[in-house]
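Asks: The structure's right below; bear with me while I get my questions together.
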Amino acid sequence: MVSISGIRGIIGESLTPNVISDFTQAYATLLRHKRSENSDSKSPLVVLGRDTRPSGITLMEFVQSTLVQSGCNVINLGVATTPSVELAVLDEKAAGGIILSASHNPLEWNALKLLNELGEFLTADESNRLLSIYHSKKFHLAQWNQFGMTVPRDEINDFHIRKVLSIPSVDTTKLAKRNFKILIDAVNGAGSKIIPSLCRALGFDNLVEISCKPTGIFPRNPEPIEENLIETQGLTAYHQCDFGIVVDPDVDRVCFISEDGSLFGEEYSLVAAANFWLKHHRGPVVSNLSSSRALKDIALKHEVPYFASKVGEAHVIEKMKAVNAVIGGEGNGGVILPDCHYGRDALVGIVLFLASFDEFLSQYPTARVSDFKKSLPHYEMAKQKVKLNQEIQIDSVLDRIANKYQTVSENTVSTEDGVKIDFPDKWVHLRKSNTEPIIRIYAEAKTKSIADTLADSFRNEIIST
């Protein structure tokens, strides 16, 4: 699957050595073309990192070798989070970066997530240029005496943590006095070391670590959503933790669990973060069309404008830059803070969540995280999937649904990214996934039963067409 964030597929099926080699060569050629356009004759420097899934070891060696033979120099971070690689691209003034991670996809998947010199996913124009090179097979190959070099960089976790701890308006000294007991579930991914290290750097030593061995063998479906977190929720309450932290395998998404085992929720990671940040830094906020209305409510509370973008980190960042947003992200737990960098970053989300909860405790000293959640605008979301097959003509289905609901004056229908229908007191969003061969159905309302019913009705409408 090819999207704005790169390419991903199943190892040995769709993500084959030929595909990996050709895309890597196309990417190296794109970087060289961009250098040439800027009259820069230096060999492109590429930062390379991976998550912990077992296929990543061999894949990293293969991609690194291909880059070197394409005349690129490589800084190899080894196991590193996606936001760590993004920060390293900026710090090293590199031409780009590659993260080998299929993010929340199951173990058999892997991906090449491609960054430009800004440490951000390729723009639409850069992606189109990459695909043109890929299909033409006109790759730049270096002569034997023009091969690139590789060097390791081992302290990326410490660098990332220092960067996050320096976020303005966050009083880390005050936070450390809270002495929280925290459960951490890193699903044996790239967060297995860096998330506990961040918590300790913040002064929290009372940690319950589960699935924090960087084996890459995920003990459950790695996407941090409610249906996959039942055991983690129970363990948070069992160990009498103040809250739980769950990250996905490449650590660009974060979800919190309340002290009673109830889900604070990935949708509310960004909401809590924005509620703190907007108190100290006023300005527009952005989320994607599938994100909770709660963020819009927070923006209204702070009297700042809210904007929605198409789904996908690159689209959110593009909109954030266009409106000069001070914070943004996606309802999947991805928080983007320009003051740190333009990329979804679970570490940023954790620090801003803690700062927001700390301010709440200053006002209500005996409160718990479940009380904090109740202080935020309340909505319930339902998320469903429909597997794509030849019988479902999704484009015609979505067109028909859009036309049907546009006839009702009280509805607002957007076709910018799939179909989103805003009813007065609820909404539903239908779109093809960028990362899996599925149709995603997101629905939100004031109660879970209404959201579930809304999602079910549209799922049935798609299947029965």
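Asks: Please go through region 64-91 and pick out each residue that is out of contact with any strand residue (DSSP E or B) (no Cβ under 6 Å at 6 or more places or on another chain) and either farther than 19 Å from ILE195 by Cα or among the aromatic types (Phe, Trp, Tyr) (or both).
Replies: SER65, THR66, VAL68, GLN69, SER70, GLY71, LEU90, ASP91 - these are the residues of region 64-91 that are out of contact with any strand residue (DSSP E or B) (no Cβ under 6 Å at 6 or more places or on another chain) and either farther than 19 Å from ILE195 by Cα or among the aromatic types (Phe, Trp, Tyr) (or both).
Asks: Does any residue of region 360-373 turn out to be open to solvent by 10 Å² or more (accessible area, probe 1.4 Å), out of contact with any Cys (no Cβ under 9 Å at 6 or more places or on another chain) and β-branched (Val, Ile, Thr)?
Replies: Yes, region 360-373 contains at least one residue that is open to solvent by 10 Å² or more (accessible area, probe 1.4 Å), out of contact with any Cys (no Cβ under 9 Å at 6 or more places or on another chain) and β-branched (Val, Ile, Thr).
Asks: Scan region 232-264 for residues that are open to solvent by 10 Å² or more (accessible area, probe 1.4 Å) and out of contact with any helix residue (DSSP H, G or I) (no Cβ under 7 Å at 6 or more places or on another chain) and jot them down.
Replies: Hits for region 232-264 are GLN233, GLY234, LEU235, ALA237, TYR238, HIS239, GLN240.
Asks: Moving to a separate point now. How many residues are open to solvent by less than 20 Å² (accessible area, probe 1.4 Å) and part of a helix (DSSP H, G or I) when one looks only at region 80-91?
Replies: Qualifying residue count for the region: 8.
Asks: Which condition number in (1) on the phi > 0 side of the Ramachandran plot; (2) modelled with pLDDT under 95 is the one that GLU313 fails?
Replies: Of the numbered conditions (1) on the phi > 0 side of the Ramachandran plot; (2) modelled with pLDDT under 95, the odd one out for GLU313 is (1).
Asks: Name the helices (runs of 4 or more DSSP H) wholly within region 140-201 that hold at least 2 residues that are closer than 20 Å to ALA94 by Cα and under 23 Å from the mean Cα position of the chain (by Cα)?
Replies: By residue number, 156-165.
Asks: Restricted to region 117-159, and to residues that are without any contact (Cβ under 8 Å) to a residue 40 or more places away in the chain and under 18 Å from ASN434 (Cβ atoms), which residue is surrounded by the most Cβ atoms within 10 Å (Cβ to Cβ)?
Replies: Restricting to residues being without any contact (Cβ under 8 Å) to a residue 40 or more places away in the chain and under 18 Å from ASN434 (Cβ atoms), the top hit is ASN128.
A quick yes/no check of all residues on (1) within 21 Å of VAL251 (Cα to Cα); (2) assigned to a loop (DSSP other than H, G, I, E, B); (3) in contact with a Gly (Cβ under 7 Å, 6 or more places away or on another chain):
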| position | (1), (2), (3) |
| --- | --- |
| ASN275 | no, no, no |
| ARG282 | no, yes, no |
| ALA314 | yes, no, no |
| LYS319 | no, no, no |
| GLY328 | yes, no, no |
| ILE336 | yes, no, yes |
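Asks: Testing VAL428 on (1) of a type in the set (A, V, I, L, M, F, W, C); (2) without any contact (Cβ under 8 Å) to a residue 60 or more places away in the chain; (3) open to solvent by 50 Å² or more (accessible area, probe 1.4 Å), one condition comes back false. Which one is that?
Replies: Among (1) of a type in the set (A, V, I, L, M, F, W, C); (2) without any contact (Cβ under 8 Å) to a residue 60 or more places away in the chain; (3) open to solvent by 50 Å² or more (accessible area, probe 1.4 Å), the lone unmet condition for VAL428 is (3).
Asks: With the structure loaded, tell me whether THR215 is more than 20 Å from the chain's Cα centre (by Cα) and surrounded by 20 or more Cβ atoms within 10 Å (Cβ to Cβ) or whether it fails that test.
Replies: When the stated conditions are applied, THR215 does not pass them.
Asks: Quick check, is LEU77 assigned to a helix (DSSP H, G or I) and either open to solvent by 10 Å² or more (accessible area, probe 1.4 Å) or not basic (Lys, Arg) (or both)?
Replies: no
Asks: Regarding region 417-424, can at least one residue be identified that is over 27 Å from ASN105 (Cα atoms) and open to solvent by less than 20 Å² (accessible area, probe 1.4 Å)?
Replies: Yes, region 417-424 contains a residue that is over 27 Å from ASN105 (Cα atoms) and open to solvent by less than 20 Å² (accessible area, probe 1.4 Å).
Asks: Restricting attention to region 344-360, which residues are of a type outside the set (Gly, Ala, Ser) and part of a helix (DSSP H, G or I)?
Replies: LEU347, VAL348, ILE350, VAL351, LEU352, PHE353, LEU354, PHE357, ASP358, GLU359, PHE360
Asks: Just wondering, is there one or more residues in region 92-99 that are out of contact with any strand residue (DSSP E or B) (no Cβ under 9 Å at 6 or more places or on another chain), assigned to a loop (DSSP other than H, G, I, E, B), modelled with pLDDT of 95 or more and open to solvent by 10 Å² or more (accessible area, probe 1.4 Å)?
Replies: Scanning region 92-99 turns up no residue that is out of contact with any strand residue (DSSP E or B) (no Cβ under 9 Å at 6 or more places or on another chain), assigned to a loop (DSSP other than H, G, I, E, B), modelled with pLDDT of 95 or more and open to solvent by 10 Å² or more (accessible area, probe 1.4 Å).
Asks: Checking ALA308 against (1) surrounded by 24 or more Cβ atoms within 10 Å (Cβ to Cβ); (2) assigned to a strand (DSSP E or B): exactly one of these is not met. Which one?
Replies: (1)
Asks: Continuing with the same structure: Could you check region 29-61 and list, in sequence order, the residues that are hydrophobic (A, V, I, L, M, F, W, C), under 26 Å from ASN157 (Cα atoms) and open to solvent by less than 30 Å² (accessible area, probe 1.4 Å)?
Replies: Correct list: VAL46, VAL47, LEU48, LEU59, MET60.
Asks: Further, regarding this structure: If a residue has to be open to solvent by 10 Å² or more (accessible area, probe 1.4 Å) and either among the small types (Gly, Ala, Ser) or farther than 15 Å from ARG162 by Cβ (or both) to count, how many in region 194-208 make the cut?
Replies: 7
Asks: Can you tell me which of (1) open to solvent by less than 10 Å² (accessible area, probe 1.4 Å); (2) in contact with a Leu (Cβ under 7 Å, 6 or more places away or on another chain) is the one GLY71 doesn't meet?
Replies: (2)
The values are calculated or read from the model by the stated rules, or taken from the named source; none is laboratory data. What you see is a predicted model, and the numbers here were worked out from it, not measured in a lab. Ideal geometry is used to build each Cβ from the backbone, glycine not excepted, and the neighbour counts take in all protein chains shown. In case anyone asks, the SASA skips ligands and DNA or RNA and just uses the protein heavy atoms, side chains included. Shrake-Rupley method; radii C 1.70, N 1.55, O 1.52, S 1.80 Å.
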